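Trainee: Take a look at the following structure, please.
Nothing in this text is a laboratory measurement; each read-out follows from the coordinates by a stated rule. Model, not experiment: these values are computed from the prediction. When we count neighbours, we look across all protein chains shown, and the Cβ atoms used for this are built from the backbone with ideal geometry, even at glycine.
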Amino acid sequence: MPDTSEQSVRMELEALRLYPGAAMYIQSQSDGSHTRHKVQFIGTIKGKSLLVTLPFENGKGMWIQAGHTFVVRGFNGIYAYALSTQVIRARAHPYAYIHFSWPRAVDCQMVRKSLRVETSLPARVTLADNSKVNVTLLDLSAPGSMLATPAAIGAVGEHARIEFTVDYEGEAHVLNIPFIIRNIHPKEDGSGFRVGVGFESLAQNDALILHYVINTIALSANL
């Protein structure tokens, strides 16, 4: 499990300031299922109901029984949160949604900025001479990444840029980030190098998306 701080708190749902379309994961507690289904936050009726989209399987809205208990999990950019709630009503037509009961409280844990997740994302590095090298992101964090490269891509202290595509709220988003090479290590099997890089001068929007993606991967793998 990725490192998180020990700062855990309980909050009211509204304190999370969720926005319509925010990704969530729901997991039934009534049937012993370990399956998590991705949904999107729609809105709330304060003190009464939490409204999310209905998950689909094989092109059809899932059948979800009123009264069943679910755990809802997500990340709001600062806190990983989890809450327990019961289904009031679920409908597939004319609009696919689930009404959950208003949770008494939400358990939240602040996620450290240094959270690092394992990945296997294809990426392309543009070097100072404008040559390009295809690489793989082996891990990802807000400060930087470890790359697998087929050949040396420079020396420690040199600058370059890396471009890769991430899933942000169900849509492909291309990040193009400047970095500095921190360390270089040949692979034991001689197939290339592991290159540690530190990200530099991220645009605010890219930094927010990167932080979201990292925590979404961590939550999906560990919650």
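Trainee: What net charge do the residues around Ile64 carry, taking every other residue with its C-beta under 13 Å from that of Ile64, with Lys and Arg at +1 and Asp and Glu at -1?
Mentor: +1
Trainee: Continuing with the same structure: Largest first and to the nearest Å, give the Cα extent of the range 8-110 along each principal axis.
Mentor: Computed over the Cα atoms, the extents are 36, 28, 22 Å.
Trainee: I'd like the orientation of helix 204-222 relative to the chain: the angle between its Cα long axis and the longest Cα principal axis, in ° from 0 to 90, rounded to 10.
Mentor: On a 0 to 90 degree scale, this one is about 70.
Trainee: Setting aside same-chain residues fewer than 8 positions from Lys60, which lysines have a Cα under 17 Å from its Cα?
Mentor: Lys38
Trainee: For the chain, what is the mean residue ellipticity at 222 nm derived from helices alone (per DSSP H run of n ≥ 4: -39500 (n - 2.57); sum divided by total residues; nearest 500 deg cm²/dmol)?
Mentor: Working: 1 runs with 19 residues, N = 223.
Taken over the chain, the calculation gives -3000 deg cm²/dmol.
Trainee: What stretch of the chain, leaving out the sites themselves, is the longest with no GluC sites (Glu not before Pro) in a DSSP loop having at most 16 other Cβ atoms within 10 Å? If you can, show how the numbers build up before the last one.
Mentor: Details: sites that count: Glu6, Glu12, Glu158, Glu169, Glu188, Glu200.
Formally, the longest exposed-site-free interval is 13-157.
Trainee: Here is a further query. In the neighborhood of Leu121, defined by Cβ-to-Cβ distances under 13 Å, what is the net charge if each Lys or Arg adds +1 and each Asp or Glu adds -1?
Mentor: Computed value for this residue: -3.
Trainee: Considering only DSSP states other than H, G, I, E and B, which trypsin sites (Lys or Arg not before Pro) in the range 83-123 qualify as loop sites with at most 12 other Cβ atoms within 10 Å? List each step's numbers first, then the result.
Mentor: On the way: sites: Arg89, Arg91, Arg104, Arg112, Lys113, Arg116; in loops: Arg104, Arg112, Lys113.
Taking the range 83-123 and a limit of 12 other Cβ atoms within 10 Å, the loop trypsin sites (Lys or Arg not before Pro) found are Arg104, Lys113.
Trainee: Sticking with this structure for a sec: Debye calculation, C-alpha points only, no solvent: report log10 I(q)/I(0) for the range 116-222 at q = 0.10, 0.16, 0.21, 0.22 Å⁻¹, in the same order as the q values.
Mentor: The calculated log intensity ratios at q = 0.10, 0.16, 0.21, 0.22 Å⁻¹ are -0.26, -0.67, -1.13, -1.23.
Trainee: OK, next. Please pull out the direction-averaged projected area of the chain, using the convex hull of its alpha-carbon atoms, in nm² to one decimal place.
Mentor: Values: hull surface 58.6 nm².
With every direction weighted equally, the projected area is 14.7 nm².
Trainee: Please return the longest stretch of the chain lacking exposed loop sites, where chymotrypsin sites (Phe, Trp or Tyr not before Pro) count only if DSSP places them in a loop and at most 11 other Cβ atoms lie within 10 Å. Display every interim value, and only then the final one.
Mentor: Numbers: sites that count: Trp63, Tyr95.
Counting at most 11 other Cβ atoms within 10 Å as exposed, the longest clean stretch of the chain is 96-223.
Trainee: Report the charge-dipole magnitude of the chain in Debye, nearest 20, computed about the Cα centre from +1 at each Lys and Arg Cβ and -1 at each Asp and Glu Cβ. All intermediate terms of the calculation are to be shown ahead of the outcome.
Mentor: On the way: 20 positive and 19 negative charges, 143 e Å.
Taking the Cα centre of the chain as origin, the dipole is about 680 debye.
Trainee: I would also like to ask the following. On a C-alpha basis, how far is the centre of the range 121-187 from the centre of the range 1-70 in Å? Whole number, if you could?
Mentor: Value for the Cα centre distance between the two parts: 34 Å.
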